[in-house]
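Working notes, beginning with the structure itself.
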């Protein structure tokens, strides 16, 4: 647990519960977006053909907006 | 795991529209099924970074490796993946509305443990953030700057500096000094950059 904010931390030893992992999602997204804003998914890769076929021209499902995490 | 439970899990994962939840749940289900055959899987690469950071990076494929020494014969792999209606194989599968790539043995140099999440269909392992970080820093500067790898390294550092994942910084330093990576100066520079950006004390330069 992050002592300052009570945001569950993914620990080195042991495990994190599903509930705590879910609870920390928004905080992790916010931290990530402080240093790399927006979607940083690669624009292309060797898997493009199969990905775009499955995801209607995209490389994956759209990310859930931060406010909904 | 009995067939009824597998069908229920599969329906849940297929309906899931959040890409990170979908990956995590699929990793949970596949880890449980392979573990029944003595093979321990681990989520690696960008898929692991996404689950650790929520960085909006991963694409629609989940990369997993096996931690245990040997994998299973192709026939047995097909049998297990058949339980979840997977198409394709023997290494790349389409399952529950996404792709799963089973890439072979996991490569890790860190002495820290794999991270573990207790997920709905069983716990699953994630590649060690120390390995992921040093590797992404290397990819960031390998034959010219790679902006995506650079951003990935930055989000891992940010989430660790804000104590949302626990990182062993001494281990990061040790790994970066290994001949396999030999990128300590780049690691130090990037951690300093992110620490300065976030106005957080730099764990690799405590002064």
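Throughout, read-outs are computed from the coordinates displayed, never taken from laboratory work. All values derive from a computational prediction rather than experimental measurement. Ideal geometry is used to build each Cβ from the backbone, glycine not excepted, and the neighbour counts take in all protein chains shown.
Scan the range A:53-64 for residues that are more than 7 Å from chain B (Cβ to nearest Cβ) and either surrounded by 15 or more Cβ atoms within 10 Å (Cβ to Cβ) or in contact with a helix residue (DSSP H, G or I) (Cβ under 9 Å, 6 or more places away or on another chain) (or both) and the total you get is 2. Can you tell me which residues in the range A:15-25 are surrounded by 16 or more Cβ atoms within 10 Å (Cβ to Cβ), within 11 Å of residue B:118 (Cβ to Cβ) and within 7 Å of chain B (Cβ to nearest Cβ)? Across the range A:15-25, the qualifying residues are A:15, A:16, A:18, A:21.
Residue-by-condition table, conditions (1) assigned to a helix (DSSP H, G or I); (2) touching a residue at least 24 places away in the same chain (Cβ under 8 Å); (3) at positive phi:
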| position | (1), (2), (3) |
| --- | --- |
| B:180 | no, yes, no |
| B:186 | yes, yes, no |
| B:192 | yes, no, no |
| B:204 | no, yes, no |
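Is it the case that residue B:28 is within 14 Å of chain A (Cβ to nearest Cβ), in contact with a strand residue (DSSP E or B) (Cβ under 8 Å, 6 or more places away or on another chain), in a helix (DSSP H, G or I) and farther than 26 Å from residue A:46 by Cβ?
In short, yes.
Just the residues that are in a helix (DSSP H, G or I), within 14 Å of another protein chain (Cβ to nearest Cβ) and touching a helix residue (DSSP H, G or I) at 6+ places or on another chain (Cβ under 6 Å), please, taken from the range B:138-155. Passing the criteria: B:139, B:140, B:149, B:150, B:152, B:153, B:154, B:155. Of everything listed in (1) under 23 Å from residue A:27 (Cα atoms); (2) crowded, with 21+ Cβ neighbours inside 10 Å, the single unmet condition for residue B:176 is (1).
Just name the residue that is nearest to residue A:7 (Cα to Cα) out of those in the range A:26-39 that are surrounded by fewer than 20 Cβ atoms within 10 Å (Cβ to Cβ) and at the interface with chain B (Cβ under 9 Å from one of its Cβ atoms). Walk me through it before giving the result.
From the range A:26-39, those surrounded by fewer than 20 Cβ atoms within 10 Å (Cβ to Cβ) are A:26, A:30, A:33-34, A:37-39; that's our starting set.
Going one step further and asking which of them are at the interface with chain B (Cβ under 9 Å from one of its Cβ atoms), we end up with A:26, A:30, A:33-34, A:38-39.
Values: A:26: 10, A:30: 12, A:33: 17, A:34: 17, A:38: 22, A:39: 23 Å.
The extreme case among them is A:26.
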